[in-house]
Amino acid sequence: MNPECSDCGNKVHDTTCRNHPNNRKRYDSVKDSGERREFSTGSVRDVRKGKGRFDLIPPCALLRLAQHYENGAVKYGDRNWEKGQPLSSYVDSMLRHGQDYLSGDRSEDHLAAIAWNAFSVIFTEEMIGFGKLPKEFADLPLSIPNRPDWVA
């Protein structure tokens, strides 16, 4: 549960109220795993294990996904999908786009649409787990209404 701003009662994320940007949380340290990697120059850095490898995401695929988000924003408005939809809605669309792609239809970027729907499933599962979207949106067979323990 997000805390409330002591000045206005607004729900805040990570103790930063959007209404009071000068009341930002002060960070006085850098997270440290205790492990280091050293570069040929002698520079050292904390290891990145478990933090994700964003450098491995192909830029061309990320661009096509971003363009799909842009096209959706034009059609439905910015961040419409964050309001929530049942998981089955995303999975149905994902499978439909997969079939269209497999059948040779190139009238739209079906692969970007598949990725977009997969991202939306992940987002929705996370938000259900955090209590931000209704548990009823987890409507797939064997859906678990609470945040799955396999989600990091």
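The values are calculated or read from the model by the stated rules, or taken from the named source; none is laboratory data. This structure is a prediction, so every number in the text was calculated from the model and none was measured. No Cβ is skipped: glycine too gets one built from the backbone with ideal geometry, and neighbour counts run over all protein chains shown.
Numbers below:
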quantity	calculated
Qualifying residue in the stretch 49-69 (condition: under 25 Å from Ala138 (Cβ atoms), at pLDDT 75 or above and either over 16 Å from the mean Cα position of the chain (by Cα) or hydroxyl-bearing (Ser, Thr, Tyr) (or both))	yes
Boolean, Ile114 is under 25 Å from Ala138 (Cα atoms) and at pLDDT 90 or above	yes
In the stretch 31-89, residue farthest from Ser120 (Cα to Cα) [restricted to those that are touching a Ser or Thr at 6+ places or on another chain (Cβ under 7 Å) and hydrophobic (A, V, I, L, M, F, W, C)]	Val47
Of residues in the stretch 66-112 being polar (S, T, N, Q) and assigned to a loop (DSSP other than H, G, I, E, B), the one surrounded by the fewest Cβ atoms within 10 Å (Cβ to Cβ)	Ser107
Count - residues of the stretch 37-65 that are of a type outside the set (Lys, Arg), surrounded by 10 or more Cβ atoms within 10 Å (Cβ to Cβ) and in a helix (DSSP H, G or I)	4
